[in-house]
Amino acid sequence: MRYSKKLLLCILAFTLTLLVVSGCNSSGDESNKKASTSLYKVVRPLLETVHKDNTFVIEEIPWLISKEGVIQQKQLTGIQIDDIDRLLVKGKLPLDDSIQQHIIYNFEENQLVSGAYLFITSEKELFDELGLAVKDVIQESFPEPRSTNFNTLDSAAASAEKNESIMWQGSDKSYMWVNMLTNESSELILQIQIASPIEQISLQR
């Protein structure tokens, strides 16, 4: 009788151990999903220019520079001027033409105050891959975000349907957001938005 009880307890303990190990492996697989190498290689150099010494910038351009200064410094050609306070540079993401890549520069009184990268596609699986690529890069070198967490990028398409976003604040009070959005055409948009330091903006009005 004692032998039977001991055997039963051993079987139960072994079964529980298997369940725990299996559960840990499953959750680990979910949180450690990796992006495709091609998208990672494209996203990494872009994001490395955004975060410098715990501050945030757009295209390594000094804040409050003039519109003409941005055009000259970045040698912009074929740009679209939406209005007097905005420059829009359109393109396609290298290695994948199905993702549109735009850069926006925003000005106030001809001074650069914010900017954004837009990645637009209608392909959900590709958008999820893009989200994972962004997550992989920012986990490597960015501080913890001030709002939400990195895991909203695990399923970027689903997060876009909910207009999810992640926010960081730099040591100089510059800001960065990763926004996942949709537009009227049901396209998926991953927006990396950067704002200049609040305390350093002193526009003469």
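Things worth noting here:
- Pairs, first charged (D, E, K, R) in segment 156-167, second open to solvent by 10 Å² or more (accessible area, probe 1.4 Å) and part of a loop (DSSP other than H, G, I, E, B), C-beta under 7 Å, six or more apart: Glu164/Thr148
- Any chance Lys33 is at pLDDT below 90 and in a helix (DSSP H, G or I): no
- Checking each residue in segment 49-79 for being open to solvent by less than 80 Å² (accessible area, probe 1.4 Å), assigned to a loop (DSSP other than H, G, I, E, B) and closer than 25 Å to Asp172 by Cβ picks out Asn54, Val57, Glu59, Pro62, Trp63, Leu64, Ile65, Ser66.
- Residues of segment 147-187 that are touching a Phe, Trp or Tyr at 6+ places or on another chain (Cβ under 8 Å) and farther than 18 Å from Leu47 by Cα: Ala157, Ala160.
- Qualifying position, being farther than 13 Å from Tyr117 by Cα, in a helix (DSSP H, G or I), at pLDDT 80 or above and of a type in the set (A, V, I, L, M), among Leu46, Leu19, Leu39: Leu39
- Filtering segment 87-114 to residues that are aliphatic (A, V, I, L, M) and closer than 17 Å to Ile61 by Cβ leaves Leu87, Leu88, Val89, Ile103, Ile104, Leu112, Val113.
The values are calculated or read from the model by the stated rules, or taken from the named source; none is laboratory data. Just so it is clear, the structure is predicted and the values come from calculations on it, not from any experiment. A quick note on method: Cβ atoms are made from the backbone with ideal geometry, for glycine too, and the neighbour counts reach across all protein chains shown. Heads up: the accessible areas ignore ligands, DNA and RNA and are worked out on the full protein's heavy atoms, side chains in. Shrake-Rupley method; radii C 1.70, N 1.55, O 1.52, S 1.80 Å.
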